[in-house]
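The values are calculated or read from the model by the stated rules, or taken from the named source; none is laboratory data. Note that the structure is predicted; figures quoted are calculated from it, not measured. All Cβ positions, glycine included, derive from the backbone under ideal geometry; neighbour counts span all protein chains shown. The protein model used for the area step is the full one, side chains on, heavy atoms only, and it has no ligands, DNA or RNA in it. Shrake-Rupley method; radii C 1.70, N 1.55, O 1.52, S 1.80 Å.
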Amino acid sequence: MKYKCCLTGTSGLFGIFFTAICAVFLTGCQGKPEHVSPRTGFEAMVQRADSLIDIAPDSTLVLCHEFFREYPATDSLYISAKIIEGNAYFSIGDLDEAKASMVTARQLASEAGDKYRLINSTTDLGVFMRVSQQPDSALALYNEALSMIDNGEYPDEKAHLLTSVAILYANRGMLDEARDYGDRAVEAARVSGDTDVIMYATSQTGAIYNLLGDTSKAYELTRQSIDDARRLGLPRYELKAIGHMIDLNLREGRMDSVNHYLARGEELAAQFPAASVEGIGFLEEKYVVLTAMKRYCESIAVQRRLQALQSVSPTFMPTDKLWLRMARNYNGLHMTDSAVLCYERAFEVSDSLRGEDTDRMLSENYARFKTAEKELALSQMEREKARADMWIAIWIGVTAVLAALVVAGLLYLRSRRRKEEMRLLQSHLRGIEQERGRLAKDLHDGICNDLYGIEMLMQSGIDREELLDDVEKIRNDIRRISHEMMPPSLQDVGLAEALESMVDKLRHSSPGTEFRFSCSPGSGWEKLPAPVGYELYRICQELIGNMLRHASPTEIDIRLERDGADVTLTLSHNGQVSAPDIPPRRPGIGIESVRERLAAIGATAEGLPSSPEINIHCPMKGSK
């Protein structure tokens, strides 16, 4: 069951007819099915009374009084019926009876330890106090109800309560605080999923945004309330939202919309008793609009009607302010005498409301109000501090975990880098050993054998010219080996000049092969990092040696190109190529050395190990 601060009523033939039907239903039935217990019948009666509050509060009172005469206990069902009775009395404007019923319900709920109904009755009693111009009592009751609601508990009651607190703050002119409570109320209402609560919260919060001047937000919330009320057939909520929409359009100067909603409000207000909360609220909104439209006579007529209703039901606007607004209407009509009389009456009422006892009471009430407000703020600050501390602890934990992951990652990367450096060092050492082995083989198989041959020729007394040819051949082999052993000075001449120098030496050492070398002009080869240039030089040297040994080419082309930051080295020959049906031989130590050098500088090669054209691509990160 949900109970709101503003409920509706009916009058006329419909109310009388419906009341008669309810009486026949309650007294005309001579028996009940055997399987329906008395408790079930009473629960159905209370549920029926609750469902009629929005459309027929007088019928709700008939059912409640019948229930109290027949029901034997004062348990939770009895307390619920008392809360419903109080809201029904409030809806028809009988505040004294409404307070009496709610005080009884609150006392019974407290004695029974019924937390939900205690929160419900305390909140509704606070609403009654606020409408009775007793904001201090209302705030005390609201605070008491709020203190009983734990986080996540009773979202519908929490939304209703926060909306009531927002209205109280708005009435005191504390609009920023009212907006905050309104936003929290809308959030809690949406969590609850209760359509009535959502409409109530959005409608009141929209009115607060209107007072703050945020018309877009106010229009959004108010439009939502009107649409929901029409869709569900709840004229009470539609009339309340229409009052806010009229004020919103009036502030924006949209008079066509003001007239439209004013006419719709007249239709809806006719469904409620004149002294009902809805009826009085619409009349107060109506005369404000009429004054703004300079329809002073019509506004005064509405104000006179409100004055007549004050003896039956309290109005939301204080009496002295009502007289002041009447005086302004008479001024608009240039009726000075009547305006003066209204001003005098307003001052008289104001003076009567501001006697010594009243001033003392208002001061005490305001002090209690500020104290309660500070307590609310402190409570909220404590919750925020606890939440902040929790987030700080979470962030510290997350930071610690991230720091541990970063340290672990750095250690892992460092370990990988060390392993990679060790692998490269081992590769470099293997390359040195391979170079030494190859040079030793060249010296043993080539030069040593040639020297032995010369020795044999000298012993046989061969012609001197033939000996000189063999000596020249040995000298060329020694020069070639010495050139291969001596690394080029790339820091001084650059890769292009080093390769060109190597090609010149190859032309002398291998006269049976034509060597052609080309490179991109003006590419700043001397700025190429020395380690990269050195590795490319050794790769080119190893591949050309393989071509000479295994392919017996008559032509070898070396092309060195640069595209932006990337270097491309292409080697091709016209020598022998293995037949497709012959399985390729296992790569030797030299090719393995080439691949390790390629990996060391991040280069790739196409055509290894024995293609007639080998392309080496080396991307340079940022080098020009």
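The conditions of being assigned to a helix (DSSP H, G or I), more than 30 Å from Glu592 (Cα to Cα) and at pLDDT 75 or above are met by Met390. Identification of helices (runs of 4 or more DSSP H) wholly contained in region 41-126 with 2 or more residues that are open to solvent by 50 Å² or more (accessible area, probe 1.4 Å) yields 57-70, 95-112. Here Gly213 clears all of (1) farther than 20 Å from His160 by Cα; (2) surrounded by 15 or more Cβ atoms within 10 Å (Cβ to Cβ) except the condition numbered (2). Within region 231-246, which residues are touching a Phe, Trp or Tyr at 6+ places or on another chain (Cβ under 9 Å) and of a type outside the set (A, V, I, L, M)? Once the filter is applied, which keeps residues that are touching a Phe, Trp or Tyr at 6+ places or on another chain (Cβ under 9 Å) and of a type outside the set (A, V, I, L, M), region 231-246 yields Pro235, Arg236, Tyr237, Lys240, Gly243. All conditions in (1) part of a helix (DSSP H, G or I); (2) touching a residue at least 12 places away in the same chain (Cβ under 8 Å) hold for Gln133, with the sole exception of (1). Of the residues making up region 537-556, those that are buried (at least 19 other Cβ atoms within 10 Å of the Cβ) and among the β-branched types (Val, Ile, Thr) are Ile539, Ile544, Ile556. Pairing each residue of region 147-168 that is within 13 Å of Ile198 (Cα to Cα) with any residue that is of a type in the set (Lys, Arg) and modelled with pLDDT of 85 or more, provided the two are 6+ apart or on different chains, yields C-beta distances under 7 Å for Leu162/Arg184. The set of residues in region 257-284 being of a type in the set (D, E, K, R) and crowded, with 23+ Cβ neighbours inside 10 Å consists of Glu278 alone. Whether any residue in region 359-380 is at pLDDT below 70, over 25 Å from Leu141 (Cβ atoms), open to solvent by less than 100 Å² (accessible area, probe 1.4 Å) and assigned to a helix (DSSP H, G or I) is what I want to check. Checked against the condition, which is being at pLDDT below 70, over 25 Å from Leu141 (Cβ atoms), open to solvent by less than 100 Å² (accessible area, probe 1.4 Å) and assigned to a helix (DSSP H, G or I), region 359-380 yields no hits at all.
Within region 172-188, the set of residues being surrounded by fewer than 16 Cβ atoms within 10 Å (Cβ to Cβ) and in contact with a Pro (Cβ under 7 Å, 6 or more places away or on another chain) comprises just one member, Arg172. Of all residues in region 133-171, those satisfying the criterion of being open to solvent by 30 Å² or more (accessible area, probe 1.4 Å) and either small (Gly, Ala, Ser) or within 26 Å of Leu212 (Cβ to Cβ) (or both) are Gln133, Gln134, Pro135, Ser137, Ala140, Asn143, Leu146, Ser147, Gly152, Pro155, Lys158, Asn171.
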